[in-house]
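Any read-out appearing in this document is the output of simple, stated calculations on the displayed coordinates, not a laboratory observation. The structure presented is a predicted model; accordingly, all values stated were derived computationally and were not measured. In this analysis, Cβ positions are derived from the backbone assuming ideal geometry, glycine residues included, and neighbour counts consider all displayed protein chains.
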Amino acid sequence: MARNRYDPNPFDDGEEVNPFADQGGKTNYSGGSFYTSNVPSAPNSKLSPLPHEPAEFYNDTYNIPLDSTTDPKKKERELQAKEADLRRREEIVKRKEEAIARAGIVLEEKNWPPFFPIIHHDIPNEIPIHLQKLQYVAFTTYLGLVFCLFWNIIATTTAWIKGEDPKIWFLAIIYFILGVPLAYVLWYRPLYRTFRKESAFSFGWFFLFYCLHIGFVIFAAVAPPIVFKGKSLAGILPAVDLVGDQVLVGIFYFIGFGFFCLEALLSIWVIQQVYMYFRGNGGAAEMRREGAR
């Protein structure tokens with residue numbers, strides 16, 4: 001007998017069996033979340049059936065907290081508050097700067113020497129161009145004094161090694177320690193501020209202590225035998241006294257004498273130029289008026 005052309009399963013040899021049907025012909029499927037009833041195991045299987053999933057297994061939800069600071073209005077208020085605070089601080093700083101400017105106080109940033117800043121020194125930007133040359137020469141005399149006192153230490157050290165009294169070396173150290181900072185404070189800084197602000201009072205202060213500076217340099221160049229026979233200063237008189245017995249020490253003293261002489265000549269030129277500018281600029285009359293007030 002020919003097989004039906006519409007047979008859905010030509011390889012089917014028996015009746016269809018529904019493994020999920022019970023003995024009465026009813027299934028255990030009741031809907032819901034997958035199968036909530038027990039599923040019968042295969043009749044020939046020795047393995048126990050897997051337990052079914054809980055009813056709420058696929059319905060779990062996770063509560064993720066949202067950042068409460070994402071409120072744009074709240075952020076805007078915070079930014080406005082910060083901006084107002086910054087504006088208030090800027091106004092305070094501006095008022096302080098204006099008060100300092102009215103009082104004539106200049107904030108000086110230490111910038112010299114470059115490798116170890118200890119003083120403020122900016123001739124190109126703070127000194128008028130017609131006074132810069134004179135200020136540079138005055139600064140050269142300050143550095144010259146530093147070098148002269150340093151060479152004086154070297155000369156007295158050689159004299160001490162050759163048998164002279166060690167007190168001359170200690171005096172040379174005292175000259176250096178006191179002379180370098182006092183020269184800057186007493187006459188170089190007043191001249192710098194005078195040229196920057198052209199104050200008549202600072203001119204008088206500079207003239208007084210710069211004259212003392214010139215007097216000390218001339219005294220050191222001569223080195224009269226007043227303190228330890230003048231050997232604490234590398235001048236002409238101790239150089240002549242030492243060159244006969246100790247030629248090397250005498251040469252060091254003669255070199256120091258030359259340095260002190262050069263320092264004295266430059267210092268005299270500086271005070272002459274400053275005085276001419278002071279008189280020509282009307283500083284003398286202004287200083288008399290300030291003294292009268």
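Ignoring solvent entirely, what values of log10 I(q)/I(0) come out of the Debye formula for the stretch 121-291 at 0.16, 0.19 Å⁻¹ when each Cα is a single scatterer?
-0.86, -1.08
Would you please put 72-79, 163-170 in order of how densely packed they are, using the mean number of other Cβ atoms within 10 angstrom per residue and starting with the highest?
Working: 72-79: 9.8, 163-170: 16.2.
So the peptides 72-79, 163-170, ranked by packing, come out 163-170, 72-79.
At 0.36 nm per residue, and after removing the present C-alpha to C-alpha distance, how many nm does the segment from residue 99 to residue 185 gain when stretched out fully?
Using 0.36 nm per residue and subtracting the Cα-Cα distance, I get 28.4 nm.
Just grab the label-to-label distance for residue 219 and residue 77, each label 7 Å out from Cα along the Cβ direction, in nm (one decimal).
7.6 nm
Pairs 133/197; 110/133; 162/229; 162/231; 74/94: which exceed 24 Å Cα-Cα? Walk me through the numbers on the way to the answer.
Working: 133/197 17 Å; 110/133 22 Å; 162/229 16 Å; 162/231 13 Å; 74/94 30 Å.
Over 24 Å apart, Cα to Cα: 74/94.
Where the centre of each part is set by its Cα atoms, how far does the stretch 155-213 sit from the stretch 78-144, in angstrom?
Taking the Cα centre of the stretch 78-144 as reference, the centre of the stretch 155-213 is 26 Å away.
Just how large is the dipole of the stretch 121-291 about the Cα centre, in debye to the nearest 20, putting +1 at every Lys and Arg Cβ and -1 at every Asp and Glu Cβ? Don't skip to the answer; put the middle values down first.
Working: 12 positive and 10 negative charges, 69 e Å.
Rounded to the nearest 20 debye, it is 340 debye.
Between residue 170 and residue 143, what FRET efficiency comes out of the Förster formula 1/(1 + (r/R0)^6) with R0 = 22 Å and r the beta carbon distance, rounded to 0.05? If you can, show how the numbers build up before the last one.
On the way: r = 24 Å, r/R0 = 1.10.
After rounding, the FRET efficiency stands at 0.35.
Set the Förster radius R0 to 30 Å, insert the Cβ-Cβ distance between residue 273 and residue 177 as r into 1/(1 + (r/R0)^6), and round the FRET efficiency to 0.05. Before the final figure, lay out each step's value.
Working: r = 30 Å, r/R0 = 1.00.
Here the calculated transfer efficiency is 0.50.
Report the residues of the stretch 123-167 in range of a label on residue 109: point 7 Å along Cα→C-beta, backbone N strictly under 19 Å from it.
123-127
Local charge sum around residue 184 (other residues, Cβ-Cβ under 14 Å, Lys/Arg +1, Asp/Glu -1)?
Details: positive: 110, 189, 193; negative: 108.
Neighbourhood net charge equals +2.
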